[in-house]
Amino acid sequence: MVKIVKTKVEFEGRFRDEYVMVEGEEIQAWPGSYKGKLVGSPSPRLEAGAKVNGSAKYTHDIYLPGMLYGKFVRSPYSHAKVKHVDLSKALAQPGVVAGYTANDVPKLTGEKQIELFSDEALYQGAEIALLIAADEITLHDAIELVEVEYEPLRHLVDPEESLRLRGSHAIGGKDNLSGGTPRVYERGSVERGFSDADVVIEQEFRTQAAMHNCMETHGSVATWEGDSLTVYTSTQSINNVRAELAEKLGIPLRKVRAISTYMGGGFGSKFGGGKYTLAAALASRALGRPVRIVLDRIEENLVTGNRSQTIQKYRIGAKKDGTLTAIQLTSVVNVGLQGWTADIGGPTKMTYKCPNVKVELYGTRTNLVSSTAFRAPGYVEGNFGLECALDELASKLGLDPISLRLKNYADEDQGDKIAYSSKALKEAYERGAEIIGWKPGEGPTRRGTKVRAKGMASLIWWGGGGPPAYAQVKINTDGSATVVTASQDIGTGTRTAVGQIAAEELSLPLELVSVQIGDTVTELYSPGSGGSQTLASIGPAVRSAAHDAKSQLLDIASQTLDVAREAIALDSGWIVRKSGEKLSSVADLLDKFGGATVTGKGARGPNDPKHQVNTFGAQFAEVEVDTETGEVEVLKVVSVHDSGRIINPLLLSSQIEGGVIQGMGYALWEGRLIDATSGVSLNANLNDYLVPRSTDIHEIQSEYIEAEDTSNNIGAKGIGEPPIIGVAPAIANAIKAATGIRLRELPLTPERIYRALKKMDDWTSSARYF
Amino acid sequence: MTAQPGLSRYLQLNLNVNGKSFELNVEPRISLLDVLRINLGYTGAKKGCDMGSCGACTVLVDGKTRLSCLTLAASVTNSKIETVEGIENDPKGKILQESFIKHDALQCGFCTPGQVISALFLLNTRKSPTKNEIKRFMAGNVCRCGAYPKIIQAIEDASKVI
């Protein structure tokens with residue numbers, strides 16, 4: 001009997017309703033005291049061998065017989081009318097197979113109306129035409145021969161200017177204020193909160209656009225067999241790509257297969273198919289050959305989106321003892337052409353107990369590529385402002401930053417006033433403070449021109465996961481097991497974690513478990529790998545499937561071996577009596593049935609409406625500022641997390657270190673530089689866009705508090721995004737503690753720090769962080 | 001190395017990769033990276049940027065690290081080229097690979113072949129490298145997932161075994 005249950009599911013702070021099919025009894029969550037054999041063990045990744053010897057095949061590594069290469073002609077302007085496109089010289093080149101402009105789209109799409117090319121480029125890199133050739137050198141030569149006549153138009157890349165000119169210069173004919181109104185959140189009354197306050201502070205912060213720069217650039221290879229399409233694609237969601245292609249091509253879902261066996265990083269930028277995938281599919285269909293479109297590094301920086309630039313104005317009211325009475329945030333968010341306004345107010349609304357909160361977000365459209373999700377979108381930006389402002393408040397009140405945060409500790413969710421499924425932030429503060437050697441009132445340490453100090457920040461995020469997520473666990477004839485689900489491993493270790501869960505439930509050594517993911521052909525829907533939701537969504541489904549397989553296997557064993565069902569168990573590939581006596585290997589048992597396999601089914605159960613699931617953390621940084629150069633070394637970061645049960649502490653520490661390092665990049669070096677005069681990007685590559693490198697890294701200590709959480713049957717919450725959220729404010733607060741200077745604009749480059757230390761005026765340059 | 005008659009655009013050349021000799025007809029401008037990946041199927045070396053900024057394409061040419069995206073295939077015809085696919089046969093290479101696995105010195109894995117090759121060159125050059133030497137040697141290999149602490153640890157550990 002299948003039961004249908006309605007449940008609320010969250011993704012990066014946005015809630016939706018889902019209906020879940022629940023079959024049989026939902027298995028009980030492991031209690032907090034449960035110590036697994038494999039769950040909780042630091043197992044190396046299942047696929048690590050393939051990654052260190054080059055045999056792991058990524059989308060970039062797919063070269064199909066007869067394959068053609070495609071590349072877009074892109075606008076060099078951030079705003080221009082496309083007056084004329086002439087492909088004739090390009091098409092005359094030997095090896096150039098086809099070319100398409102806006103006029104040719106019906107040839108590709110038939111009846112379907114699809115906008116593939118722009119006749120008015122509204123951001124730099126907008127698609128103008130597409131060329132297809134037999135090899136990449138020919139293709140690159142041919143692109144140079146395409147003649148496009150542009151009429152450059154006034155561009156708006158500065159969101160404040162865009163808002164000012166909202167009435168006279170609507171970008172693409174649409175309101176520059178995204179959605180036409182600000183996004184407003186209010187609880188209590190901030191006016192009342194400010195009048196109750198003993199102290200009110202006002203603070204402004206600015207954050208820059210950050211680029212994902214995944215090592216594997218976005219790309220797809222499309223090939224057709226009859227009327228069925230297969231795409232190899234570098235994605236965080238094979239199911240999204242599949243649905244998007246089916247819809248745009250007007251073909252049934254069953255005719256589209258999306259494969260992403262290995263993928264080289266996404267960080268939020270790879271949730272859909274994009275024009276490159278669609279164009280590859282369309283051109284492949286038209287030409288009868290496989291077509292590959294892989295973006296180059298410059299295209300990757302220009303057209304795949306970014307974390308939004310923001311301007312954040314805070315007003316915070318508090319009593320003398322530190323009790324918060326009101327927080328108000330007004331923020332301008334540069335969303336590019338038509339990006340989504342990430343919730344910059346998330347940390348303001350959620351982190352602390354405060355009855356009066358108001359957030360107003362002005363999502364602002366500009367002539368830049370649409371912004372997209374980037375690891376904890378909104379929260380990374382908003383937490384920088386909030387946590388820096390709180391440090392200013394602590395200093396004004398003469399309070400220790402941790403004491404101020406503890407004074408306003410939220411014991412329940414502040415919006416809906418419901419209990420958390422678990423929260424161990426207090427313990428995280430304590431652990432982190434102890435490890436970094438936090439001493440209230442401790443001043444900076446000087447050594448010559450260098451000065452050292454510590455700073456900290458809190459973080460809150462989501463990551464409870466939810467349905468729908470389906471898995472099967474097969475017990476194979478040889479006694480091994482295979483986990484099957486249409487999830488994907490974007491480098492976080494999904495394969496290994498779900499393998500451990502299945503192995504735990506089946507009491508099998510991990511070597512005997514293989515994991516088949518990254519292919520929609522299995523039809524086992526699984527959510528996209530983002531929002532820190534993967535493990536908490538698919539893990540419980542895998543455990544349920546393994547449980548079902550085990551149960552079936554024991555039924556078979558009981559009848560075949562003529563022993564009572566209650567008297568037997570599975571142990572390391574054997575059917576054993578509960579006393580420990582071995583009765584038969586699983587392989588021998590299944591061999592009696594002519595190579596039978598047993599398939600267990602599992603689905604992620606509904607979420608518990610009585611609890612809200614959040615992840616928490618406390619991050620500490622010790623920095624050394626060179627007062628003669630403005631350079632900052634981040635000597636040590638201690639990152640302590642509450643993410644529920646830890647399935648694999650080795651992989652968890654990799655996620656934490658990786659998030660901290662991306663956070664350091666965001667805090668100190670990274671940022672899209674736009675020439676305000678011409679509106680074009682000045683650093684759309686990895687030479688000029690400064691991502692962290694090995695020489696930038698010192699000590700990073702990852703820690704966790706394993707809070708008991710029974711909101712899903714494995715007790716895990718997410719860890720993908722939390723570690724990036726508090727890094728920038730912890731570093732900025734440490735720099736303030738070291739130098740006495742509050743820096744309000746990211747990235748905290750040596751130049752900015754130097755100018756602040758020397759009290760030099762801001763210099764004006766047309767190169768600006770938008 | 002002569003241009004083939006009747007196919008003047010193409011160049012005939014011989015490459016020695018992972019101990020094997022290959023005869024090829026290629027575009028004179030083609031990079032070593034593209035030849036390895038497209039013509040020879042050694043897809044371990046990756047194209048992360050194609051402009052020498054990221055290190056994902058690193059291979060060994062006569063024992064030294066080389067950015068194969070900035071190397072013309074035609075310029076290394078007399079050289080010994082080693083890619084990540086070939087280093088299992090090198091005892092140091094094998095130890096390094098195992099150390100990377102053990103320490104989880106990788107996440108998405110896309111930059112890993114380049115990291116392993118740069119690390120192998122380091123261990124062939126320095127017997128007991130310090131942490132700072134490791135960081136300096138590895139600074140040309142970008143890992144956007146941020147596996148650096150574990151990469152450094154894996155190399156340091158491997159250097160103690162070798």
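Each reported figure results from applying straightforward, stated rules to the coordinates on display, with no laboratory input. In this text, all values refer to a predicted model and were calculated from it rather than measured experimentally. Cβ coordinates were reconstructed from backbone atoms using ideal geometry, including for glycine residues, and neighbour counts include every protein chain displayed.
If packing is taken as the mean number of other Cβ atoms within 10 Å per residue, what is the order of A:155-166, B:98-109, A:281-292, B:44-55, highest first?
On the way: A:155-166: 19.8, B:98-109: 25.3, A:281-292: 22.0, B:44-55: 23.8.
Result, highest mean first: B:98-109, B:44-55, A:281-292, A:155-166.
By a straight-distance test (C-alpha under 21 Å), which lysines pair with A:K592 as possible cross-link partners, with residues fewer than eight away in the same chain excluded?
A:K474, A:K550, A:K582
State the percent of C-alpha pairs, over all pairs in the stretch A:40-91, separated by a distance greater than 14 angstrom.
Numbers: 1001 of 1326 pairs.
Taking all Cα-Cα pairs of the stretch A:40-91, the fraction more than 14 Å apart is 75 percent.
What does the charge count around A:D626 come to, taking other residues whose C-beta lies under 11 Å from its C-beta (Lys +1, Arg +1, Asp -1, Glu -1)? Intermediate results must be reported in sequence, preceding the final value.
Numbers: positive: A:R447, A:K450, A:R452; negative: A:E624, A:E628, A:E631, A:E633.
So the environment of A:D626 carries a net charge of -1.
Out of residues 5 or more away from A:I418 or on other chains, whose amide H comes under 5 Å of its own, with H placed 1.01 Å from N in the peptide plane?
A:D413
Report, in whole Å, the centroid distance computed from the Cα atoms of the stretch B:76-97 and the stretch A:185-261.
After rounding, the separation between the Cα centres reads 39 Å.
Taking θ as phi - 60°, what are the ³J(HN,Hα) couplings along the stretch A:22-34 by the Karplus curve (6.51, -1.76, 1.60), each to the nearest whole Hz, with x for Gly and Pro?
Working through the residues one at a time gives 10, 9, x, 7, 5, 6, 5, 5, 4, x, x, 7, 5 Hz.
Determine which aspartates and glutamates satisfy two conditions relative to A:K35: a Cα distance under 15 Å, and not lying fewer than 8 residues away in the same chain.
A:E504, A:E505, A:E706, A:E708, A:D709
Is the C-alpha gyration tensor of the stretch A:403-460 telling us rounded, prolate or oblate? Criteria: a/c under 1.5 is rounded; beyond that, a/b larger than b/c is prolate, otherwise oblate. Mind dumping the intermediate values first?
Values: a/c = 3.52, a/b = 2.90, b/c = 1.21.
Note, shape of the stretch A:403-460 comes out prolate.
In this model, which of A:K636/B:K102; A:K320/A:K407; A:K417/A:K610; B:K20/B:K47; A:K51/B:K47 are farther than 21 Å apart at the alpha-carbon? Write down the numbers at each step before the final one.
Numbers: A:K636/B:K102 24 Å; A:K320/A:K407 11 Å; A:K417/A:K610 10 Å; B:K20/B:K47 23 Å; A:K51/B:K47 15 Å.
Check vs 21 Å cut-off fails for A:K636/B:K102; B:K20/B:K47.
Show me the three semi-axes of the equivalent ellipsoid for the stretch A:581-739, from the C-alpha gyration tensor (sqrt of 5 times each eigenvalue), largest first, rounded to whole Å. Can you show the working numbers first?
Values: eigenvalues 402, 88, 61 Å².
Working from the Cα gyration tensor, I get semi-axes of 45, 21, 17 Å.
State the Kirkwood hydrodynamic radius of the stretch A:354-400 in Å, one decimal place, computed from all pairs of distinct Cα atoms.
Working: mean 1/r = 0.0738 Å⁻¹.
When all Cα pairs of the stretch A:354-400 are included, the Kirkwood radius is 13.5 Å.
Between 0 and 90 degrees, rounded to the nearest ten: what's the tilt of helix B:91-103 against the longest Cα principal axis of chain B?
In chain B, helix B:91-103 runs at an angle near 60 degrees to the longest axis.
Translational D (Stokes-Einstein, µm²/s) of the stretch A:385-487 at 37 °C and 0.692 mPa s when Rh comes from the Kirkwood sum over C-alpha pairs? Can you show the working numbers first?
Values: Rh = 18.2 Å.
Rounded to a whole number, D works out at 180 µm²/s.
Just to check, using Stokes-Einstein with a Kirkwood Rh over alpha carbon pairs, what's the diffusion coefficient of the stretch A:429-468 at 37 °C and 0.692 mPa s in µm²/s? Spell out each step's value before the answer.
On the way: Rh = 13.5 Å.
Here the translational diffusion coefficient equals 244 µm²/s.
Bin all alpha-carbon pair distances of the stretch A:573-621 at 10 Å intervals from 0 and give each bin's fraction as a whole percent.
Pair shares across the bins are 17, 22, 18, 16, 20, 6, 0.
Return the calculated 222 nm mean residue ellipticity for chain A, to the nearest 500 deg cm²/dmol, obtained by summing -39500 (n - 2.57) across DSSP H runs with n ≥ 4 and dividing by the residue count.
On the way: 20 runs with 205 residues, N = 770.
Computed mean residue ellipticity for chain A: -8000 deg cm²/dmol.
Can you tell me which of A:656-665, A:228-237 comes out highest on packing, and rank the rest after it, using the mean Cβ neighbours within 10 Å?
On the way: A:656-665: 28.2, A:228-237: 25.7.
Order by mean packing, descending: A:656-665, A:228-237.
Taking beta carbons within 10 Å but only from partner chains, what does the mean come to for residues B:94-101? Mind dumping the intermediate values first?
On the way: counts 2, 0, 1, 5, 4, 1, 5, 8.
Mean inter-chain Cβ contacts per residue within 10 Å come to 3.
Using amide H atoms built in the peptide plane, which far-off residues or other-chain residues are under 5 Å from A:D571 H to H?
A:V576
When the expected Rg is taken as 2.2 N^0.38 Å, what fraction or multiple of it is the alpha-carbon Rg of the stretch A:121-240? The partial results should precede the final answer.
Numbers: Rg = 23.8 Å, N = 120, 2.2 N^0.38 = 13.6 Å.
The reported ratio for this selection is 1.75.
Ranking request for peptides A:617-629, A:508-520: highest mean number of other beta-carbon atoms within 10 Å first, then the rest in descending order.
Values: A:617-629: 24.2, A:508-520: 19.9.
In descending order of packing, they fall as A:617-629, A:508-520.
Could you run the Karplus curve 6.51 cos²θ - 1.76 cosθ + 1.60 with θ = phi - 60° over the stretch A:368-384 and give me ³J(HN,Hα) per residue in whole Hz, x for Gly and Pro?
The phi angles translate into 9, 4, 4, 5, 9, 4, 9, 4, 6, x, x, 6, 5, 5, x, 5, 4 Hz.
Between the stretch A:32-77 and the stretch A:521-556, what's the alpha-carbon centroid distance in Å?
With the stretch A:32-77 and the stretch A:521-556 each reduced to a Cα centre, they are spaced 21 Å.
Can you check how the C-alpha radius of gyration of the stretch B:3-85 compares to 2.2 N^0.38 Å, as a plain ratio? Before the final figure, lay out each step's value.
Numbers: Rg = 12.1 Å, N = 83, 2.2 N^0.38 = 11.8 Å.
After normalising by residue count via 2.2 N^0.38 Å, the value is 1.03.
What does the structure give for A:291-300 when I average, per residue, the other chain Cβ atoms found within 10 Å of the residue Cβ? Could you put the intermediate results ahead of the total?
Working: counts 0, 0, 0, 1, 0, 4, 7, 3, 0, 2.
Other-chain Cβ atoms within 10 Å of each residue's Cβ, averaged: 2.
Using only C-alpha atoms and all pairs of different ones, pull out the Kirkwood radius for chain B in Å with one decimal.
Numbers: mean 1/r = 0.0621 Å⁻¹.
About 16.1 Å, per the Kirkwood formula over Cα pairs.
Two decimals is fine: what's Rg over Rh for the stretch B:87-161, C-alpha atoms, Kirkwood radius as Rh?
On the way: Rg = 10.8 Å, Rh = 11.8 Å.
Looking at the stretch B:87-161, the ratio lands at 0.91.
Mind listing the phi-derived Karplus ³J(HN,Hα) values for the stretch A:745-751, rounded to whole Hz, using 6.51, -1.76 and 1.60 with θ = phi - 60°, and x for any glycine or proline?
In residue order, the calculated couplings are 9, 8, x, 8, 6, x, 4 Hz.
Leaving out same-chain residues fewer than 8 places away, which aspartates and glutamates sit with a Cα under 12 Å from that of A:K426?
Of all the aspartates and glutamates, those that pass the test against A:K426 - Cα under 12 Å, at least 8 places apart if same chain - are A:D411, A:D642.
Over the whole of A:203-214, what's the average partner chain Cβ count within 10 Å per residue? Rounded to a whole number, please. Numbers along the way, then the final one.
Values: counts 0, 0, 0, 0, 0, 0, 0, 0, 0, 1, 5, 5.
Taking the mean over all residues of the peptide, I get 1.
Where does the Debye-calculated log10 I(q)/I(0) of the protein assembly as shown sit at q = 0.09 Å⁻¹, using only Cα point scatterers of equal weight, no solvent?
The Debye formula, applied to the Cα set alone, gives -0.99.
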